[in-house]
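The values are calculated or read from the model by the stated rules, or taken from the named source; none is laboratory data. Model, not experiment: these values are computed from the prediction. Here the Cβ is made from the backbone with ideal geometry for all residues, glycine too, and neighbour counts use every protein chain on show. Each accessible area value is taken on the protein alone, full model and side chains, heavy atoms only, with ligands, DNA and RNA left out. Shrake-Rupley method; radii C 1.70, N 1.55, O 1.52, S 1.80 Å.
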Amino acid sequence: MVYYPPMQKRGTILVKYFHAWLRRTIEEPWTTLEPFFVGEVPKGLGTPEYYCVVTQDEEPYLLVNAYTHDIDVCIWKQWLVLRSPGEVSFISLDADQRQIINKPSWGFFHHLYPTDEYLFVTTNERVCCYDQEARLVWESEELSQDTISISSVQGDIISISQAPIGGSFSGPAEFILDGRSGKLISMQYKPPQNNS
């Protein structure tokens, strides 16, 4: 998988262009880099489930060993962002101020939704909003006990859909959130389909 951030300019200086990939195996020159670690790292380290490799202007730049079977990744602003079921990790792309900030969750994180201003992350029940400094801005109330996903972000309006998973008796639902506060504006449940 390849993730392309938008090109950005600050004054007349062109910001570096980063790409991120998820790989099952790596070779040189990646094996010579000092990695970051995310997920539940075993005592003997062992082989990670995934390697996240990052290039800067097509040159090897950063390596992350991810010890998790389920991961999502994107380049957002000055961060490499990795989503695993239990946490979201923000790793600074600035080599002079390299840091990792882990944001754990009591729920299971599912997907990353980067926008120009905020990064939204869905759990199995709610939506979390992070700012460009990797700070949690807000967390919505519990919206569902089934998996939710963001359908669209238009201005300050976030549209969310929920499709029931196996064994659920409720039908699909749609939620509208205020993008600045995370407050629920409206919700609409649809009756379950009768397949008999």
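Matching residues to (1) more than 23 Å from Glu40 (Cα to Cα); (2) among the aromatic types (Phe, Trp, Tyr); (3) assigned to a loop (DSSP other than H, G, I, E, B); (4) under 11 Å from the mean Cα position of the chain (by Cα):
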position: Ile101; (1), (2), (3), (4): no, no, no, no
position: His110; (1), (2), (3), (4): no, no, no, yes
position: Glu125; (1), (2), (3), (4): no, no, yes, no
position: Gln132; (1), (2), (3), (4): yes, no, yes, no
position: Leu143; (1), (2), (3), (4): yes, no, yes, no
position: Asp146; (1), (2), (3), (4): yes, no, yes, no
position: Ser151; (1), (2), (3), (4): yes, no, no, no
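How many residues are of a type in the set (Asp, Glu) and either open to solvent by less than 70 Å² (accessible area, probe 1.4 Å) or in contact (Cβ under 8 Å) with a residue 60 or more places away in the chain (or both) when one looks only at the stretch 106-125? First the steps, then the outcome.
Let us first name the residues in the stretch 106-125 that are of a type in the set (Asp, Glu), namely 116-117, 125.
With the extra rule that they be either open to solvent by less than 70 Å² (accessible area, probe 1.4 Å) or in contact (Cβ under 8 Å) with a residue 60 or more places away in the chain (or both), the set shrinks to 125.
Of the residues in the stretch 106-125, 1 are of a type in the set (Asp, Glu) and either open to solvent by less than 70 Å² (accessible area, probe 1.4 Å) or in contact (Cβ under 8 Å) with a residue 60 or more places away in the chain (or both).
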Note on the stretch 56-105: residues among the basic types (Lys, Arg) and either touching a residue at least 12 places away in the same chain (Cβ under 8 Å) or under 20 Å from Glu139 (Cβ atoms) (or both) are Lys77, Arg83, Lys103
Selection over the stretch 92-105 where residues are open to solvent by 20 Å² or more (accessible area, probe 1.4 Å) and farther than 21 Å from Pro48 by Cα yields a count of 6
Output for Cβ contacts, cut-off 8 Å, separation at least six or different chains, first residue assigned to a loop (DSSP other than H, G, I, E, B) and at pLDDT below 90 in the stretch 165-187, second open to solvent by less than 50 Å² (accessible area, probe 1.4 Å) and charged (D, E, K, R), reads Ile165/Asp146; Ser168/Asp146; Ser170/Asp146
Of the conditions (1) open to solvent by less than 90 Å² (accessible area, probe 1.4 Å); (2) modelled with pLDDT of 90 or more, the single one that Ser161 does not satisfy is (2)
Residues in the stretch 92-121 that are hydroxyl-bearing (Ser, Thr, Tyr), at pLDDT below 90 and touching a Leu at 6+ places or on another chain (Cβ under 9 Å) total 0
Of those in the stretch 1-35 that are open to solvent by 40 Å² or more (accessible area, probe 1.4 Å) and part of a strand (DSSP E or B), the residue modelled with the highest pLDDT is Arg23
